[in-house]
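Here the structure is laid out as structure tokens; the discussion comes afterwards.
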């Protein structure tokens, strides 16, 4: 399974409630008429997310530390997850999102869009969220990455230590589409595998608490 993850913000001057309604309408449209290979989606609000993708603005992180990202005074940011079977289904979703049946709600959302970035992830361990209740329960997203120049390590089998595979999932970045972290762990609590004492030097884990706006 693959997941296209998209981080975004409304444009300056756009009302937050209007943006969130348009976002929910778009996800609802996909759920009502799902493209081939589409397995569901979710949209989350990340309160006080700094401008830009969630891994930006953390240059002061201490290597091997687990952080909870905060930016007092900043408006909310948003994180969308689109689950698909494979790369073929990803292409179908890309075309369908602006095609017949979804274009009007997509364009309505785009009118309020202020900027964003994306990443593509593949499931490597655990159980993918597969329903409204499950998607709402994975309120934490733990993003694990390394500083420039730090040696790549095989961490996949270690990061999942202590997570409940029935209610959590570990994902690895598939393509370098930007500065997205190499791993993401979705869960309802931080597992021991990403504790400060477990991460190698130069690697960091940033925890984001999310509020579900749409799951389905």
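The values are calculated or read from the model by the stated rules, or taken from the named source; none is laboratory data. Here the structure is a predicted model, which means the values were calculated and not measured. Because the Cβ atoms are built from the backbone with ideal geometry, glycine has one as well, and the counts that use them run over all protein chains shown.
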Test result for residue 80, part of a helix (DSSP H, G or I) and either touching a strand residue (DSSP E or B) at 6+ places or on another chain (Cβ under 6 Å) or farther than 27 Å from residue 170 by Cα (or both): no
Some residue of segment 118-132 being closer than 19 Å to residue 23 by Cα and at pLDDT 90 or above: yes
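Residues checked against (1) on the phi < 0 side of the Ramachandran plot; (2) crowded, with 18+ Cβ neighbours inside 10 Å; (3) in contact (Cβ under 8 Å) with a residue 24 or more places away in the chain:
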| residue | (1), (2), (3) |
| --- | --- |
| 167 | yes, no, yes |
| 170 | yes, yes, yes |
| 176 | yes, no, no |
| 179 | yes, no, yes |
| 189 | yes, no, yes |
| 196 | yes, no, yes |
| 200 | yes, no, yes |
| 203 | yes, yes, yes |
| 206 | yes, yes, yes |
Considering residues of segment 158-175 that are at pLDDT below 85 and in contact with a strand residue (DSSP E or B) (Cβ under 9 Å, 6 or more places away or on another chain) only, the residue farthest from residue 206 (Cα to Cα): 166
Unique residue being surrounded by 14 or more Cβ atoms within 10 Å (Cβ to Cβ) and either under 25 Å from residue 181 (Cβ atoms) or at pLDDT below 95 (or both) when the list is 72, 76, 35: 76
Every residue from segment 3-32 that is surrounded by fewer than 18 Cβ atoms within 10 Å (Cβ to Cβ) and under 15 Å from the mean Cα position of the chain (by Cα): 6
Selection status of residue 14, at pLDDT 95 or above and within 19 Å of residue 107 (Cα to Cα): no
